[in-house]
1. Would you please list the contacts, defined by Cβ atoms under 8 Å and residues six or more apart or on different chains, that run from a residue in region 81-96 that is closer than 17 Å to Leu69 by Cβ to a residue that is acidic (Asp, Glu)?
2. Checking Val24 against (1) at pLDDT 90 or above; (2) surrounded by 17 or more Cβ atoms within 10 Å (Cβ to Cβ), which single condition isn't satisfied?
3. One residue is enough: does region 48-68 have a residue meeting the conditions modelled with pLDDT of 95 or more and either open to solvent by 30 Å² or more (accessible area, probe 1.4 Å) or in contact with a Ser or Thr (Cβ under 8 Å, 6 or more places away or on another chain) (or both)?
Amino acid sequence: SFSSTTVVGSTVDDDEDFIIGTVVRFDNQRCFGHIRAENASGDAPDIFVHRSGIASDLPTEKFPHHPFLRRHERVKFKVKTSEDNRYVAYDVMFANGKAIPPHRNYFLA
């Protein structure tokens, strides 16, 4: 089983396995970026995040955009190992537990 504490050097809640972190970068056009876990050791890797890993309300006709993250946003997330052995964030949401809305102003990102 995956140990978030070992990988990112951060303390996690054993009951929920969520990690708190900050978005380091997110390319809205390429739909991926990286998150740094709070309290991570200096040599801990940033965690890869793809748009599909963002917990969000699904886009609708009224708001057809996909969710995205902004640099310096505080988020909470879980981590899994991908098929190519990278650590990948999923269930990414605001640190307060709210889903990332797909209708945020893209141009302010």
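1. Close Cβ pairs satisfying both conditions: Phe94/Glu73.
2. Every listed condition holds for Val24 apart from (2).
3. Yes, because at least one residue in region 48-68 is modelled with pLDDT of 95 or more and either open to solvent by 30 Å² or more (accessible area, probe 1.4 Å) or in contact with a Ser or Thr (Cβ under 8 Å, 6 or more places away or on another chain) (or both).
The values are calculated or read from the model by the stated rules, or taken from the named source; none is laboratory data. This is a predicted model, so every value here is computed, not measured. Here the Cβ is made from the backbone with ideal geometry for all residues, glycine too, and neighbour counts use every protein chain on show. What goes into the accessible areas is simple: the full protein's heavy atoms, side chains included, and nothing from ligands, DNA or RNA. Shrake-Rupley method; radii C 1.70, N 1.55, O 1.52, S 1.80 Å.
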